[in-house]
Amino acid sequence: MGFDTDTDTDTDTDTDTGEVAGVIQPNLTVNQGENMPIWEPAKECMSRDEVRQLQLERLQATLNRVYRNVSFYRKMFDRIGFVPEDDFADLQDLQRLPFTTSRDLSDSYPYAMFAVPLREVVRVHSSSATTGNPRVVGYTRRDLKTWSTLVARILSAAGVDTEDVIQVTFAYGLMTGGLGIQYGAELIGASVLPTSVGRTERQVRIMQDFRTSVLVSTPSYALLIADRMEQLGIDPKTLSLKYCVCAGEPWTEAMRLEIEQRLFVRATDNYGISEVIGPGVAGECLEQTGMHLAEDHFYAEIIDPVSGRVLEEGEEGELVLTTLTREALPLIRYRTGDVCSILPGSCACGRTGVRRLSRLRGRCDDVVIIKGINIIPARIGDLLERIRGERMLYQVVATREGHSDQLEIWIAVTEELFFDKMREQRTLVDVIRNKVSNFIGITPRVRLVEKSSLQEENGVVKLFVDLRAAPAA
Ligand code: ZN
């Protein structure tokens, strides 16, 4: 997921990549309300109708352009008899088109999906692939300008302004995380510390000496920094930190609270993906109620990852993005593999017309299907955490009785739970059963078990065990 921030390494090698050339100068008006800085109010505060009209126009142009300039799309459209000029009149018409997958991008390595000649490409990034070729992403000069603007939007929404000193702990180089944030922060006029990944003790030292006010990191790295500070005996209250801009991995509300309490910051969530641009696709404002999507640049759909059906607002599934303004690498219905939902309702910050993305729930590969329902075992863990106020050791187990699938949730009995009275244990089981049932629509069988009953892999309890194929005991 995300944009290959790769900040979990904590090596002692210096990954300094030197200077960043070609910085774009700020040329936009900043409208900063007192508590509500909005970088591009004319775009971020459009009405719903204006958003849809703009999307329609930009989609029409994008479809025409990829049909003309990208053989992959020309072949795809020809195959299904889709002529953009005649067959695209409504946003719904997009659903007629097949998806673009990460595999398609790998297969087009390095430049076959580019819609402009290489001489117009001024920057190339790439995204690592676990199998096959890397996915190569190109940017024209205008793409870079768009990118910086989008990052400026999310950073402004997260509280960053010209006064801030912003420490970027994302990887620099071919990955998009570091440079993406860098350009947006410079556009705002903040002072950027491109510390890149790793060397946590040095990060802490820089944070102290350079009076960092904004930390940009993965949520888990922010907590690692908090741990290291604790070990070094540094009181976070003595630092200048105000905000933590988090991205790069799925995280929970509990992690947000922990980051906020341990580093004395406000922490916001943001989402990016290298293939469509990098960071800047969506970001939370300080209301912390979900990530505002840059809907004037990306058209978002949520689909059922198995059937490909487009889901309703509020339903959880795989995020599919179509770029609306990208010049070098326009993508139509790109399957991100990231699981989230589009949130209903609007935010109090004033960005009313654009929709918001929920927190990411994980990767589609994490989805398991039980009784025809998509379940993400990690989400069951979030739910259990909310019920009991602490992380529980659990395992989602699929079993089969006759021809019918069963969902079981096995929960390890801790000492505390063990000493709870039988009646309290039963109450807990009932509460969990009801909550899970309301949440996913299947009533599970909840079992309290010894920790040793939970299957492990490499010393870690597996979140999901499938016993459906196993012979009946
Ligand atoms: Zn907002």
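Numerical summary
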| read-out | value |
| --- | --- |
| E249 being open to solvent by 10 Å² or more (accessible area, probe 1.4 Å), at pLDDT 95 or above and not in a strand (DSSP E or B) | no |
| Residue under evaluation S307, criteria (1) away from the ligand (no atom under 16 Å from the Cβ); (2) more than 20 Å from D405 (Cβ to Cβ); (3) open to solvent by 20 Å² or more (accessible area, probe 1.4 Å), criterion not met | (2) |
| Qualifying positions in the range 316-358 - within 14 Å of the ligand (Cβ to nearest atom), within 14 Å of the chain's Cα centre (by Cα) and within 18 Å of V51 (Cβ to Cβ) | R356, L357 |
| The range 191-215, subset open to solvent by 10 Å² or more (accessible area, probe 1.4 Å) and of a type in the set (A, V, I, L, M), residue modelled with the lowest pLDDT | V197 |
| Flag for E327 being open to solvent by less than 30 Å² (accessible area, probe 1.4 Å), in contact with a helix residue (DSSP H, G or I) (Cβ under 6 Å, 6 or more places away or on another chain) and within 29 Å of R65 (Cβ to Cβ) | no |
| Q95 touching a strand residue (DSSP E or B) at 6+ places or on another chain (Cβ under 9 Å) and at pLDDT below 95 | no |
| Residue within the range 222-237 that is more than 16 Å from the ligand (Cβ to nearest atom), closer than 25 Å to G389 by Cα, acidic (D, E) and in contact with a strand residue (DSSP E or B) (Cβ under 9 Å, 6 or more places away or on another chain) present | no |
| Residue under evaluation S71, criteria (1) open to solvent by 60 Å² or more (accessible area, probe 1.4 Å); (2) out of contact with any helix residue (DSSP H, G or I) (no Cβ under 8 Å at 6 or more places or on another chain); (3) at pLDDT 95 or above, criterion not met | (1) |
| Pairs with Cβ under 6 Å, 6+ apart, first in the range 348-366 and among the hydroxyl-bearing types (S, T, Y), second part of a strand (DSSP E or B) and within 14 Å of the ligand (Cβ to nearest atom) | S358/L343 |
| The range 269-297: number of residues that are in a strand (DSSP E or B), of a type in the set (A, V, I, L, M) and more than 12 Å from the ligand (Cβ to nearest atom) | 2 |
| Total residues in the range 179-197, condition part of a loop (DSSP other than H, G, I, E, B) and within 21 Å of the chain's Cα centre (by Cα) | 2 |
| Residue in the range 367-381 that is farthest from the ligand (Cβ to nearest atom), counting only those that are of a type outside the set (G, A, S) and surrounded by fewer than 18 Cβ atoms within 10 Å (Cβ to Cβ) | K371 |
| Residue in the range 156-176 that is within 16 Å of the ligand (Cβ to nearest atom) and either closer than 16 Å to V121 by Cα or in a helix (DSSP H, G or I) (or both) present | yes |
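The values are calculated or read from the model by the stated rules, or taken from the named source; none is laboratory data. Only a predicted model underlies this, so the values are computations on that prediction, with no experimental measurement involved. Neighbour counts run over all protein chains shown; Cβ positions are idealised from the backbone, glycine included. In case anyone asks, the SASA skips ligands and DNA or RNA and just uses the protein heavy atoms, side chains included. Shrake-Rupley method; radii C 1.70, N 1.55, O 1.52, S 1.80 Å.
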